[in-house]
1. Please determine whether any residue of segment 65-77 is loosely packed, with under 13 Cβ neighbours inside 10 Å, touching a helix residue (DSSP H, G or I) at 6+ places or on another chain (Cβ under 9 Å) and at negative phi.
2. Can you tell me which residue within segment 37-61, out of those that are under 15 Å from residue 11 (Cβ atoms) and out of contact with any strand residue (DSSP E or B) (no Cβ under 8 Å at 6 or more places or on another chain), is farthest from ligand 2 (Cβ to nearest atom)?
3. How about segment 1-88: which helices (runs of 4 or more DSSP H) wholly inside it have at least 3 residues that are within 12 Å of ligand 1 (Cβ to nearest atom) and under 29 Å from residue 100 (Cβ atoms)?
4. Which one is modelled with the lowest pLDDT, of the residues in segment 78-107 that are surrounded by 12 or more Cβ atoms within 10 Å (Cβ to Cβ) and out of contact with any helix residue (DSSP H, G or I) (no Cβ under 9 Å at 6 or more places or on another chain)?
5. Answer yes or no as to whether residue 36 is surrounded by 12 or more Cβ atoms within 10 Å (Cβ to Cβ) and over 16 Å from the mean Cα position of the chain (by Cα).
6. For residue 18, all conditions in the list (1) farther than 17 Å from residue 68 by Cβ; (2) crowded, with 17+ Cβ neighbours inside 10 Å hold save one; what is the number of the exception?
Ligand code: SF4
Ligand code: SF4
């Protein structure tokens with residue numbers, strides 16, 4: 001479930017507002033978006049993927065709010081962590097190019 005919009009990182013581009021399929025965020029004039037309907041989050045990670053500055057954190061738990069803080073996420077390097085793992089963003093390797101996926105395809109016979 002979406003947990004954090006980082007005030008220190010967000011550049012108010014409102015991409016998360018646009019891409020969320022369940023309209024979880026509200027844009028704020030002159031400010032950063034707010035999580036307005038957290039219960040509607042589908043834990044799809046799309047907002048995190050599209051955030052250009054890794055300012056979002058979607059927790060893998062789709063049923064409950066974990067209550068994680070931005071400080072904890074910064075410490076663990078987890079803000080935008082899903083996006084980083086998928087390889088979106090400048091200087092990252094897309095997951096489709098990872099060696100293990102190639103090996104998996106070889107083993108699968110594809
Ligand atoms: S994880 Fe998906 S449903 Fe949840 S806020 Fe982000 S885009 Fe919306
Ligand atoms: S996509 Fe990221 S930078 Fe843009 S408004 Fe949302 S949280 Fe902020």
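1. Scanning segment 65-77, I find no residue that is loosely packed, with under 13 Cβ neighbours inside 10 Å, touching a helix residue (DSSP H, G or I) at 6+ places or on another chain (Cβ under 9 Å) and at negative phi, so the answer is no.
2. 54
3. Ranges flagged: 46-50.
4. Among those that are surrounded by 12 or more Cβ atoms within 10 Å (Cβ to Cβ) and out of contact with any helix residue (DSSP H, G or I) (no Cβ under 9 Å at 6 or more places or on another chain), it is 98.
5. Yes.
6. (2)
The values are calculated or read from the model by the stated rules, or taken from the named source; none is laboratory data. All figures in this text were calculated on a predicted structure; none of them were measured in a lab. No Cβ is skipped: glycine too gets one built from the backbone with ideal geometry, and neighbour counts run over all protein chains shown.
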